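*Asks:* One structure, as structure tokens, below. Some questions next.
Just so it is clear, none of the values below were taken in a lab; they were calculated from the coordinates. As the structure is a computational prediction, the values presented were derived from the model and not from experiment. As a convention, Cβ positions derive from the backbone with ideal geometry for all residues, glycine included, and neighbour counts pool all protein chains shown.
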Amino acid sequence: MNNSRTSILLAAIVLFSPLARAQHAPATLVASEQPQEMLAAQIRTQGFACDKSLGAARDKKRSRPDYVVWVLKCTNATYRIARAPDMAAKIERIR
């Protein structure tokens, strides 16, 4: 009885360990992405044009906990992007 439990436990470890490692890999890739690239991709998905992102700066004055505001400079425009968890970004074209 004890031997069968050990076999089942060993089989479960072998079966699920590659899945656990695979789930942590995308987090590493996202961490290396620049904020300007991520913000540019987000505003494009919401219908705004950003030909090439030149830089992004966090607006500390307008930001609050769980509500982060960024200023994104693109070659064709400058945007103020307000982001809250689980919501679409609020995007305002500045220039």
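*Asks:* Let's test the formula: R0 of 22 Å, r as the Cβ-Cβ distance of Ile8 and Asp86. What FRET efficiency results, to the nearest 0.05? Could you put the intermediate results ahead of the total?
*Replies:* Values: r = 39 Å, r/R0 = 1.75.
Taking R0 as 22 Å, the efficiency between Ile8 and Asp86 is 0.05.
*Asks:* Shifting gears a bit: Show which lysines lie in cross-link reach of Lys90 when reach means a straight Cα distance below 19 angstrom and same-chain residues fewer than eight apart are skipped.
*Replies:* Cα-Cα hits under 19 Å: Lys60, Lys61, Lys73.
*Asks:* Output wanted: per-residue J couplings in Hz (rounded whole) for segment 72-85, from phi through Karplus 6.51 cos²θ - 1.76 cosθ + 1.60, θ = phi - 60°, x for Gly and Pro.
*Replies:* So the Karplus estimates, Gly and Pro as x, are 10, 9, 10, 5, 9, 6, 10, 10, 9, 10, 9, 10, 10, x Hz.
*Asks:* Continuing with the same structure: Gain in length, Glu37 to Tyr67, computed as 0.36 nm per residue apart minus the alpha-carbon separation, to one decimal in nm?
*Replies:* On the way: separation 30, 0.36 × 30 = 10.80 nm, distance 1.91 nm.
Length difference between fully extended and current span is 8.9 nm.
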